[in-house]
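Input: a single structure, listed below in structure tokens.
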Amino acid sequence: MQNFHIKEDDKYFDHKLLADPIKRSLQKINRNNPLPLYQQLYDSLYKVIVNKELEPGSFFATESLLQEETQMSRATIRKALEELVRQKYLMRITGKGTFISISYPESHIVLPNLKSLSQELEEKGMIPGSTLLQAKIIQPTEEVAKNLDIDMNDRVLFIERIRTGNDIPILYVCGYIPLNIGITEDFNIPGSLYFFIEQQCGKVIRSATHTINATIINSEVAKHLGISKNSAGLSMKRITYDNYGVPVLYETGVFRNDLYSYTFSMERDD
């Protein structure tokens, strides 16, 4: 475990001041912007961190300081800070506030084009398919509500499927779409949820965050994918946003790692 030292003579250590880079970034928040305030706040704080405007281990903020500076609700501020802590950009120290993490989380790679799995499979020369296990309207769990930025009293369309390529199971996936984007009770699920969201709900899909991790596949999912239990796999989580930055789809799933992989081409900066 890495040790770190916080200088007590640092002018921000008394937690009565926000650093100037944070203040400048917060000034760009626009309440007339259709992007939710939580997302604007998160983006503003995120940029200060990834642009390395503050040193690792230095004091970042407290909820009260951010509330005083932005006049946002404590709940909105707490949600943004908790997400940055969860992603390991910030760390909490009880009674003192949040601090810049000593080490940043996993690398974030920006890909030039957002594609659905159907599009990816077609580009690989495969015929995309889907086996619907169930589709129903449910109350979201805390995790689902948080990732869709909705209340737990709201309802979502839950879709459990097996995605296939040339009729071979590739991905077990659960999708959650908030009803408030225009889902009707007589929904008909096509192969591509992106197509469904854009055609039925009239939304324009703009961006997504896609996280992949190594995992061990449990017996139930292994059965759906036609492999042995405890096989190695790739877990995925994806949050898809419309052109206003509003989450319209949250997905979790497991890929067979013998049939699916990601390859990135990278170049060094001059």
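The values are calculated or read from the model by the stated rules, or taken from the named source; none is laboratory data. Note that this is a predicted model, so its numbers are computed, not measured. Positions of Cβ are generated from backbone atoms using ideal geometry, with glycine treated the same way; all protein chains shown enter the neighbour counts. Note: areas computed on protein heavy atoms with side chains; ligands, DNA, RNA excluded. Shrake-Rupley method; radii C 1.70, N 1.55, O 1.52, S 1.80 Å.
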Selected residue (criterion: modelled with the lowest pLDDT) from residues of region 89-120 that are more than 25 Å from residue 55 (Cβ to Cβ), part of a loop (DSSP other than H, G, I, E, B) and not aliphatic (A, V, I, L, M): 112
Elements of type strands (runs of 3 or more DSSP E) in region 121-215, at least 1 residues being surrounded by fewer than 16 Cβ atoms within 10 Å (Cβ to Cβ) and in contact (Cβ under 8 Å) with a residue 24 or more places away in the chain: 128-138, 168-178
Single unsatisfied condition, residue 242 versus (1) among the charged types (D, E, K, R); (2) open to solvent by 50 Å² or more (accessible area, probe 1.4 Å); (3) at pLDDT 90 or above: (2)
Residues that are among the polar types (S, T, N, Q) and modelled with pLDDT under 85, drawn from region 187-235: 188, 192, 200
Qualifying positions in region 64-106 - under 18 Å from residue 146 (Cβ atoms), in contact with a strand residue (DSSP E or B) (Cβ under 8 Å, 6 or more places away or on another chain) and without any contact (Cβ under 8 Å) to a residue 40 or more places away in the chain: 81, 85, 92
Of residues in region 45-73 being touching a Leu at 6+ places or on another chain (Cβ under 9 Å) and among the charged types (D, E, K, R), the one surrounded by the fewest Cβ atoms within 10 Å (Cβ to Cβ): 68
Residues located in region 233-254, provided they are aromatic (Phe, Trp, Tyr) and part of a strand (DSSP E or B): 241, 250
